[in-house]
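Quick notes on the structure that follows.
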Amino acid sequence: MHAKELWEKLLANIEKKIGKDSCEMWLKPVKPLIFENDKLTIEMPDHVWYSTIKNRYEEDVLTSLKDVLGKDIELKYNVPIKEEKEQKAVDKTKTIMKSLPKTAPSTISITKNALAHRLNDKHTFEGFIEGPSNRFAYRAAQAVEKKLGNRENNPLVIYSSPGLGKTHLLHAIGNEILKNNKNKKVLYMSGEEFVSEYIESLQKKTSGSFRKKYRSLDCLLVDDIQFVAGKHASEKEFFYTFNTLFESKKQIVLTSDRTPQQLSLDNRLASRLLSGIVSEIKKPDLETRIAILRQKRDQQNFVVSDDVLAFTAAGVKASIRELEGCLYRLNSYCYIQGIEPTVDIAKEVLADIITLEEEGGQINVDSIKKIVGAHFKIEMSDFISKKKTQAISWPRQVAMFLANDLTDMSLPEIGRAFNRDHSTVVHARDQIKKEIKENPFFAAEINQIINEVKVVDKS
């Protein structure tokens with residue numbers, strides 16, 4: 001049996017297990033390459049596809065292959081790597097296309113509806129720069145818009161550090177829905193607004209109207225859901241709102257600065273959020289940052305050369321919002337001075353930001369202990385104590401790992417900072433690396449701690 005024939009039989013079999021939409025979205029774009037010696041090699045469109053299929057669908061794929069062939073086979077993956085020139089060409093094409101003006105009817109349609117739904121019509125899918133760091137979230141958001149309330153995509157939870165595009169995607173979903181169906185009931189709001197409105201409804205005794213408003217929606221978009229966490233009454237109300245919409249096959253899309261597991265949510269609500277798609281937006285790579293700056297430059301008609309953009313993009317890594325702010329600052333400075341932006345001028349104007357970004361070596365072990373201690377709720381003294389309980393030893397291992405990863409300290413130096421020898425540091429490092437590799441939620445938690453450490457050392 002040829003690889004293509006086997007894959008077609010697999011698709012027919014697996015659709016019953018994972019659903020038609022998931023099959024079409026994730027498995028049909030996969031290319032079967034070789035089937036020989038009980039080994040099937042398949043080619044992924046990119047690393048996002050590989051990660052999704054490997055972590056989410058591999059077991060179902062292997063089971064279906066066994067159903068088709070009557071025996072176990074080995075699944076091998078091939079993930080092509082785009083050449084640098086090809087990727088640059090793609091980014092350039094995207095930038096050119098996305099800088100073109102929208103047609104008047106489309107713009108008017110979105111604007112008219114968006115006003116009533118609290119949506120920013122400037123945030124669209126077309127205006128979102130896709131890259132390796134956000135591709136899964138971007139495509140998941142598009143899938144949501146195409147199949148509202150579909151079980152495979154509901155709820156969609158997007159999490160990241162501030163300023164990486166979560167809010168943009170929320171608005172893009174809402175705007176696309178209204179562009180295609182102006183009669184759909186879509187509402188965007190922040191977690192803070194939900195809490196405020198709920199409290200107000202209790203004070204004014206209008207809880208019935210409040211519930212009717214939210215539970216009759218076709219799509220609820222909530223930004224920064226972490227603001228609901230820990231507020232018992234509001235969280236309970238949100239849970240029942242969520243349930244009503246979910247059971248009615250209405251779409252829920254949420255954003256957060258952490259994974260659902262890391263939020264102080266009721267277990268019932270947390271499990272609901274984890275039942276759909278949970279996607280992280282990571283810091284954009286250099287090429288994506290350059291593409292973002294190019295798009296913004298072209299939209300605003302700024303006269304800034306590509307080499308200046310590349311320098312800015314290389315120096316600002318933490319936030320897209322900060323990245324765009326640097327472009328506006330530089331353009332304003334040069335406009336007022338009546339000069340053309342150059343790399344040297346950018347170095348001068350953005351020195352306070354670029355310098356801080358480049359001073360990663362200033363991070364010290366005390367800052368790491370402070371942030372890790374606050375995160376896991378242990379005292380500074382616990383890091384050097386002889387206590388071996390899990391509640392103490394695990395944060396200690398995390399701090400050792402970060403000291404090894406973020407500072408120039410040697411293993412013996414790190415050991416002395418924790419009142420341990422270097423072999424203990426090696427063990428801690430290896431344990432944390434293993435957990436990061438095996439647990440994506442823990443990896444996100446570590447990234448969050450790293451960001452907090454860097455912020456402290458910048459201040």
State yes or no: is Arg211 assigned by TED's automatic domain parsing to the domain that holds Thr259, among the charged types (D, E, K, R), modelled with pLDDT under 90 and assigned to a helix (DSSP H, G or I)?
-> yes
Over 19 Å from Gly149 (Cβ atoms), among the small types (Gly, Ala, Ser) and not assigned by TED's automatic domain parsing to the domain that holds Ala443 - does that describe any residue in region 214-227?
-> no
Report, by residue number, each residue of region 251-281 that is part of a strand (DSSP E or B) and of a type in the set (Gly, Ala, Ser).
-> Ser256, Ser279
Could you say whether any residue in region 268-282 is over 22 Å from Asp223 (Cα atoms), modelled with pLDDT of 85 or more and of a type in the set (Gly, Ala, Ser)?
-> no
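Please tell me if Glu348 is outside the structural domain of Glu322 (by TED's automatic domain parsing) and without any contact (Cβ under 8 Å) to a residue 12 or more places away in the chain. Outline the logic, then answer.
Working: outside the structural domain of Glu322 (by TED's automatic domain parsing): no; without any contact (Cβ under 8 Å) to a residue 12 or more places away in the chain: yes.
Considered against the rule, which asks whether it is outside the structural domain of Glu322 (by TED's automatic domain parsing) and without any contact (Cβ under 8 Å) to a residue 12 or more places away in the chain, Glu348 comes out as no.
Do we have Ile392 as over 26 Å from Val316 (Cα atoms), hydrophobic (A, V, I, L, M, F, W, C) and touching an Asp or Glu at 6+ places or on another chain (Cβ under 7 Å) here?
Details: over 26 Å from Val316 (Cα atoms): yes; hydrophobic (A, V, I, L, M, F, W, C): yes; touching an Asp or Glu at 6+ places or on another chain (Cβ under 7 Å): yes.
Against the criterion (over 26 Å from Val316 (Cα atoms), hydrophobic (A, V, I, L, M, F, W, C) and touching an Asp or Glu at 6+ places or on another chain (Cβ under 7 Å)), Ile392 qualifies.
In this structure, does Gly174 turn out to be modelled with pLDDT of 90 or more and assigned to a helix (DSSP H, G or I)?
Yes; evaluated as a whole, the condition is true for this residue.
Residues checked against (1) without any contact (Cβ under 8 Å) to a residue 24 or more places away in the chain; (2) among the hydroxyl-bearing types (Ser, Thr, Tyr); (3) more than 14 Å from Thr255 (Cα to Cα):
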{"residue": "Asn154", "(1), (2), (3)": "no, no, no"}
{"residue": "Glu176", "(1), (2), (3)": "no, no, yes"}
{"residue": "Glu192", "(1), (2), (3)": "no, no, no"}
{"residue": "Glu200", "(1), (2), (3)": "yes, no, yes"}
{"residue": "Arg211", "(1), (2), (3)": "no, no, yes"}
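Give me the residue from region 145-169 that is outside any loop (DSSP other than H, G, I, E, B) and either charged (D, E, K, R) or not assigned by TED's automatic domain parsing to the domain that holds Leu269 (or both) and, out of that set, nearest to Ser256 (Cα to Cα). Working first, answer last.
Step one: filter region 145-169 for residues outside any loop (DSSP other than H, G, I, E, B), giving 145-146, 151-153, 156-159, 166-169.
From what is left, the residues that are either charged (D, E, K, R) or not assigned by TED's automatic domain parsing to the domain that holds Leu269 (or both) are 145-146, 151-152, 166.
Numbers: Glu145: 19, Lys146: 23, Arg151: 21, Glu152: 20, Lys166: 8 Å.
Here the residue is Lys166.
For region 157-174, which residues satisfy the criterion of being hydroxyl-bearing (Ser, Thr, Tyr) and surrounded by 23 or more Cβ atoms within 10 Å (Cβ to Cβ)?
Here is the first cut: in region 157-174, the residues hydroxyl-bearing (Ser, Thr, Tyr) are 159-161, 167.
Result: Tyr159, Ser160.
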Region 110-140, subset farther than 30 Å from Cys23 by Cα and surrounded by 18 or more Cβ atoms within 10 Å (Cβ to Cβ), residue modelled with the highest pLDDT | Leu119
Examine region 219-230 for a residue that is over 23 Å from the mean Cα position of the chain (by Cα), surrounded by fewer than 21 Cβ atoms within 10 Å (Cβ to Cβ) and closer than 18 Å to Arg118 by Cβ, and state whether such a residue exists.
-> no
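From the list Ile290, Ile252, which one is modelled with pLDDT of 85 or more, over 17 Å from Arg118 (Cα atoms) and surrounded by 22 or more Cβ atoms within 10 Å (Cβ to Cβ)? Show your work before the answer.
Numbers: Ile252 fails: over 17 Å from Arg118 (Cα atoms).
Just a single option satisfies the conditions, and that option is Ile290.
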What is the one condition in (1) part of a helix (DSSP H, G or I); (2) surrounded by 16 or more Cβ atoms within 10 Å (Cβ to Cβ); (3) in contact (Cβ under 8 Å) with a residue 12 or more places away in the chain that Ala233 does not satisfy?
-> (2)
Quick one: would you say Leu221 is touching a Gly at 6+ places or on another chain (Cβ under 7 Å) and at pLDDT 90 or above?
-> yes
Residue ID - nearest to the chain's Cα centre (by Cα), chosen from residues in region 402-440 that are in a loop (DSSP other than H, G, I, E, B) and farther than 21 Å from Lys386 by Cβ | Asn439
Would you please name the residue that is modelled with the highest pLDDT, looking only at residues in region 434-447 that are surrounded by fewer than 19 Cβ atoms within 10 Å (Cβ to Cβ) and out of contact with any helix residue (DSSP H, G or I) (no Cβ under 7 Å at 6 or more places or on another chain)?
-> Lys434
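From the list Glu59, Glu86, Glu24, Glu43, which one is within 28 Å of Glu280 (Cβ to Cβ), of a type outside the set (Val, Ile, Thr), within 29 Å of the chain's Cα centre (by Cα) and modelled with pLDDT of 85 or more?
On the way: Glu59 fails: modelled with pLDDT of 85 or more; Glu86 fails: modelled with pLDDT of 85 or more; Glu24 fails: modelled with pLDDT of 85 or more.
Among Glu59, Glu86, Glu24, Glu43, only Glu43 is within 28 Å of Glu280 (Cβ to Cβ), of a type outside the set (Val, Ile, Thr), within 29 Å of the chain's Cα centre (by Cα) and modelled with pLDDT of 85 or more.
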Filter region 179-199 for residues that are over 12 Å from Arg118 (Cα atoms) and either part of a helix (DSSP H, G or I) or under 22 Å from the mean Cα position of the chain (by Cα) (or both) and give the result.
-> Lys179, Asn180, Gly191, Glu192, Phe194, Val195, Ser196, Glu197, Tyr198, Ile199
Options Val426, Val453; residue that is crowded, with 18+ Cβ neighbours inside 10 Å and either at pLDDT below 80 or not small (Gly, Ala, Ser) (or both) = Val453
For the subset of region 310-321 comprising residues that are within 27 Å of Leu170 (Cβ to Cβ) and surrounded by 15 or more Cβ atoms within 10 Å (Cβ to Cβ), which member is farthest from the chain's Cα centre (by Cα)?
-> Thr312
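Is at least one residue of region 378-392 aromatic (Phe, Trp, Tyr), surrounded by fewer than 17 Cβ atoms within 10 Å (Cβ to Cβ), in the same structural domain as Val426 (by TED's automatic domain parsing) and not in a loop (DSSP other than H, G, I, E, B)? Walk me through it before giving the result.
As a first pass, look at region 378-392 and keep what is aromatic (Phe, Trp, Tyr): 383.
Applying the additional criterion that residues be surrounded by fewer than 17 Cβ atoms within 10 Å (Cβ to Cβ) yields none.
No: zero hits.
The values are calculated or read from the model by the stated rules, or taken from the named source; none is laboratory data. None of these values were measured; they are calculated from a predicted model. Using ideal geometry, Cβ is built from the backbone for each residue, glycine included, and neighbour counts are taken over all protein chains shown.
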